[in-house]
1. Just give me the residues in region 72-99 being farther than 18 Å from residue 27 by Cα and among the small types (Gly, Ala, Ser), in sequence order.
2. So which residues in region 96-120 are in a helix (DSSP H, G or I), of a type in the set (A, V, I, L, M, F, W, C) and either surrounded by 14 or more Cβ atoms within 10 Å (Cβ to Cβ) or modelled with pLDDT under 95 (or both)?
3. Give all pairs with beta carbons closer than 8 Å in which a residue from region 49-77 that is without any contact (Cβ under 8 Å) to a residue 60 or more places away in the chain and within 29 Å of residue 114 (Cα to Cα) meets a residue that is among the polar types (S, T, N, Q) and surrounded by 12 or more Cβ atoms within 10 Å (Cβ to Cβ); count only pairs at least 6 apart in sequence or on separate chains.
Amino acid sequence: MGESLARKRTEFGTLYKGNREGQWSWALHRVTGVAIILFLFAHVVDTAVIGWGPEAYNKVLAAYANPVVRFLEYGLVAAVLYHALNGVRIMIVDFWPRAALHQKRLFYITMTIFVLAMIPISWIMIKGAVALI
């Protein structure tokens, strides 16, 4: 039941060509990680505005009542949730090497949990964003 990894020989050595699920999992993990880091940077900046006084900070907080920002927050929640679930999948493979034989199944389990968790999250967050319009 083993799955061989496709490798290509180049002048730089062997390169992993990837598979569908593994490649998507890797790419989504990196993209969500970058999105989370960008949010953290923005969060540090908006929190630092308190140094300019309550008026400046209240103006920044008022931006969060914007429907566009609410949809961005929805994307952030989705990114954090996927990144966390995929991180658990990665830890499972790290701690139980035989789990690597079931990469596709683990990917689809992760995606199923993600979608099921996003259903109520979507309902709550999008309803709140639409109410601002």
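1. Listed by number, the list holds a single entry, 99.
2. Listed by number, the residues that qualify are 99, 100, 101, 106, 107, 109, 111, 113, 114, 117, 118.
3. 74/122
The values are calculated or read from the model by the stated rules, or taken from the named source; none is laboratory data. As the structure is a computational prediction, the values presented were derived from the model and not from experiment. For neighbour counting, all protein chains shown are included, and Cβ atoms are generated from backbone atoms with ideal geometry for every residue, glycine included.
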